[in-house]
Amino acid sequence: MKLKFIYSLAVVFLLLMNACDDKIEQFELVGYTGVPASIDTKAVQSEALPGQIKLKWQAPAGDFAYLQIKYYDPLQKKDIYKIASKGTTEMLISNTRARYGAYKFYFQTFNAAKEGGDINIVEATSGAAPSVTTVAEKTKITLTDTQLSTNAQEPTEGPIKNLLDGNSGTFFHTRWSSPQISLPQYIQINFNEAHENFLIYYMNRNNSGTSARPSSVELQISNDGQNWETVTTLSGLPTAVSSEYTSNYVAPGKKFTYFRFNVIATSGNTKYFNMAEFAIYDVKLNVFNPETDEKD
């Protein structure tokens, strides 16, 4: 009895499988399945860029499904595989180094069945990876109000000395009363000693509204207080109440004894600006050169 039951189950299973066979579709490869055309090494050009290698090639006359480019990365100490579609004719290889000399790139095309064609080798070199400079240390420069001056002090309020009092509730204001003075308007610092690399900090006034904030500023240096050089221009500055701003480091490449925060535009297009606090910092810079400072 048990044997007949097992036999019956087997028959039912076979019948079901036969019924399903009619609904099973055969898998077909999509794309070119013939012998893939190879990339001619003479059709490949390379360009050495800073920390990069640009590869550019001409597509072969024949067909293929995709291209694989393999190379050994001595920085990561492993083989890297890049895949490019049939229509791609260039590739940027990032994070390379000039110190490693020639990189070997193995070009191999494949068909849709993942069958590879001939492997052709192209050698190319990288440009030197750019150095990265960061702020290692910053020191606030001690200032007194006698070192500060401006070309547009408002006579009724907001003396310039308020920039140094450490109180976010006080403010400096350039002239809003008549007669107004057209921009540019500046905060000038006369230093007692020479400075070079620096960054600046300021805080917006703690009041209602967002107009009369510096929106475009030239940072200027001088050694005589007469001849000024703009070393950078700041833009995209904050306008919110009591918002704070710290600039990137500025490296003029020379020492200076006079400094100007020269406002050339303001939020709301006012002919004056205001500010709660201001500071300037000496900075020590750390320069990291990937070509010489990296450890292999």
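The values are calculated or read from the model by the stated rules, or taken from the named source; none is laboratory data. From a predicted model like this one, the values you see are computed outputs, not experimental measurements. Counting neighbours? That spans all protein chains shown, and the Cβs are built from the backbone with ideal geometry, glycine included.
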Checklist entry - Of A128, A112, which residue is in contact with a strand residue (DSSP E or B) (Cβ under 9 Å, 6 or more places away or on another chain), modelled with pLDDT of 95 or more and under 30 Å from D293 (Cβ atoms)? => result A128
Checklist outcome for this item: P74 passes all but one of the listed conditions (1) free of Cβ contacts under 8 Å to residues at least 60 places away in the same chain; (2) touching a helix residue (DSSP H, G or I) at 6+ places or on another chain (Cβ under 6 Å); the exception is number (1)
Item to check | Only listed residue being in a loop (DSSP other than H, G, I, E, B), without any contact (Cβ under 8 Å) to a residue 12 or more places away in the chain and of a type in the set (S, T, N, Q), chosen from S178, S182, S168 | outcome: S178
Checklist entry - If you check T246 against the conditions, is it under 27 Å from the mean Cα position of the chain (by Cα), free of Cβ contacts under 8 Å to residues at least 24 places away in the same chain and in the same structural domain as P155 (by TED's automatic domain parsing)? => result no
Checklist entry - Inside segment 176-199, can you point out the residues that are over 25 Å from S215 (Cβ atoms), buried (at least 18 other Cβ atoms within 10 Å of the Cβ) and among the polar types (S, T, N, Q)? => result N197
Checklist outcome for this item: If we keep only residues of segment 99-128 that are in contact with an Asp or Glu (Cβ under 6 Å, 6 or more places away or on another chain) and surrounded by 13 or more Cβ atoms within 10 Å (Cβ to Cβ), then the residue farthest from I53 (Cα to Cα) is R99
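Yes/no per residue for (1) farther than 22 Å from I141 by Cβ; (2) part of a loop (DSSP other than H, G, I, E, B):
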| site | (1), (2) |
| --- | --- |
| N207 | yes, yes |
| E218 | no, no |
| I221 | no, no |
| T230 | no, no |
| T233 | no, no |
| L237 | no, yes |
| A240 | yes, yes |
Item to check | A251 vs. criteria surrounded by fewer than 17 Cβ atoms within 10 Å (Cβ to Cβ), in contact with a Leu (Cβ under 7 Å, 6 or more places away or on another chain) and farther than 17 Å from Q185 by Cα | outcome: yes
Item to check | Single residue of S46, S94, S38 found to be under 27 Å from the mean Cα position of the chain (by Cα), under 16 Å from I121 (Cα atoms) and among the polar types (S, T, N, Q) | outcome: S46
Checklist entry - So which residues in segment 141-150 are surrounded by 15 or more Cβ atoms within 10 Å (Cβ to Cβ), part of a loop (DSSP other than H, G, I, E, B) and out of contact with any Leu (no Cβ under 8 Å at 6 or more places or on another chain)? => result I141
Item to check | Filter result for T156 (assigned to a loop (DSSP other than H, G, I, E, B), more than 37 Å from the chain's Cα centre (by Cα) and β-branched (V, I, T)) | outcome: yes
Checklist entry - Say we look at segment 224-241 and pick out the residues that are of a type outside the set (D, E, K, R) and more than 28 Å from the chain's Cα centre (by Cα); which of these is surrounded by the most Cβ atoms within 10 Å (Cβ to Cβ)? => result W228
Item to check | Check on T88, of a type in the set (V, I, T), assigned to a loop (DSSP other than H, G, I, E, B) and under 20 Å from G117 (Cα atoms) | outcome: yes
Item to check | Flag if K138 is assigned to a strand (DSSP E or B), closer than 30 Å to A251 by Cα and among the basic types (K, R) | outcome: yes
Checklist entry - Is segment 268-278 home to any residue that is within 28 Å of the chain's Cα centre (by Cα), surrounded by 12 or more Cβ atoms within 10 Å (Cβ to Cβ) and either small (G, A, S) or in a loop (DSSP other than H, G, I, E, B) (or both)? => result no
